[in-house]
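One structure is given below, encoded as structure tokens.
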Amino acid sequence: MRSKLLGTGAALFLAVSLAGCSAGLSGSYSLEERMPVLSAPTVLSEEELYAPAFARDLCVVGDEQSYADDSVTSEAAAVFDLDNCSAIYSKNAFERLYPASTTKVMTALIAIKYGNLADEVTVTEDAVITESGATLAGIKPGDKLTMEQLLYGLMLPSGNDAGAAIAVHMAGSIEKFADMMNEEARRLGATGTHFMNPHGLNDPNHYTTAYDLYLIFNEALKQPMFRKITGSTAYTANYRGADGKTVSKTWKGGNWFMTGERKTPDGLTVFGGKTGTTKAAGYCLVMASRDDEDREYISVVMKADSRPGLYDNMTNIISKIVK
């Protein structure tokens, strides 16, 4: 393939163009943080040089002061209109925060995009999670499940053990799978994100932003299997245990809008999402909804102070869609 030589001036123009969607944000990252300054001519392939504009189909956040709403008490929150590529609401969308189990959206995305869901996976010792309060699918070393079954165990009961099993099967180790996650984050332009594991158990170097969660969830929604799994409220997996006997487990989802424990605002239907909770992260939720005209939206709440508070905040911000 032919290569083109891109001079410093043109490269900087490209960098400014790619970073321009965050202009005017309070607390936004500098251009240097989003994209390294190109101080020397850079050789780009023809495909890279003529690639479609990165932000062509992405939502743009304007001046966050214009969205001020004292009823939103979580640390960060945002609502994105996917059809109009715009933000309906945004608060601290670019602040780096702990994602807890919303991490698993990226794990599922990588498994679906790059894995084989028919693969039989033998669970290893890496899936033994002993951290207090960690949510589990209940799988054990030696159990044999398909990748598809593990994805349901990952997304519905938020199984940290399922995440570890997926990671080791695909990459050979937790660390190498985290490298895959970070590479995908960079590809999506999620510049405020860094992953250390596939499940979201707390690590000082494991973080994301509300805007980056939108980017990752938006990419995941392009996968029909992700929509199917994240849109389910229950799933029964029948698989072989380590002793060769059949094991049957029914996993249930935890999104209150989908399970009926919290009323969805009139005019909206929630069709997918992922919760996340740790002491450091607080209560988090990223989810997708559609209005009565089938327009789709992604909404994010990060670091709410309680589970009821999480849903109060989410109700407040998605209500702005139908007002």
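Structure notes:
- Within region 54-92, being closer than 25 Å to Arg186 by Cβ, open to solvent by 40 Å² or more (accessible area, probe 1.4 Å) and modelled with pLDDT under 90 holds for Phe54, Arg56, Asp57, Val60.
- The one condition from (1) surrounded by fewer than 16 Cβ atoms within 10 Å (Cβ to Cβ); (2) in contact (Cβ under 8 Å) with a residue 24 or more places away in the chain that Thr103 does not meet is (1).
- Residue under evaluation Ile216, criteria (1) more than 22 Å from Lys144 (Cβ to Cβ); (2) open to solvent by 60 Å² or more (accessible area, probe 1.4 Å); (3) assigned to a helix (DSSP H, G or I), criterion not met: (2)
- Residues in region 227-268 that are within 30 Å of Asn313 (Cα to Cα), hydroxyl-bearing (Ser, Thr, Tyr) and open to solvent by less than 40 Å² (accessible area, probe 1.4 Å): Thr230, Ser232, Thr264.
- Lone unmet requirement of (1) more than 28 Å from Cys85 (Cα to Cα); (2) without any contact (Cβ under 8 Å) to a residue 40 or more places away in the chain; (3) open to solvent by 40 Å² or more (accessible area, probe 1.4 Å); (4) under 21 Å from the mean Cα position of the chain (by Cα) for Arg290: (1)
- Test result for Ile139, among the β-branched types (Val, Ile, Thr), touching a strand residue (DSSP E or B) at 6+ places or on another chain (Cβ under 8 Å) and under 30 Å from Asp243 (Cα atoms): yes
- Counted residues, region 304-314 - those being open to solvent by less than 30 Å² (accessible area, probe 1.4 Å) and either in contact with a helix residue (DSSP H, G or I) (Cβ under 9 Å, 6 or more places away or on another chain) or among the basic types (Lys, Arg) (or both): 4
- Helices (runs of 4 or more DSSP H) enclosed by region 104-176 - at least 2 residues per element that are small (Gly, Ala, Ser) and either within 16 Å of the chain's Cα centre (by Cα) or over 19 Å from Ser248 (Cα atoms) (or both): 104-114, 160-171
- Per the conditions (1) of a type in the set (Gly, Ala, Ser); (2) surrounded by fewer than 24 Cβ atoms within 10 Å (Cβ to Cβ); (3) in contact with a Phe, Trp or Tyr (Cβ under 9 Å, 6 or more places away or on another chain), the sole criterion not satisfied by Gly115 is (3).
The values are calculated or read from the model by the stated rules, or taken from the named source; none is laboratory data. All figures in this text were calculated on a predicted structure; none of them were measured in a lab. Cβ coordinates were reconstructed from backbone atoms using ideal geometry, including for glycine residues, and neighbour counts include every protein chain displayed. Remember, those area values only see protein heavy atoms, side chains included, never the ligands or the DNA or RNA. Shrake-Rupley method; radii C 1.70, N 1.55, O 1.52, S 1.80 Å.
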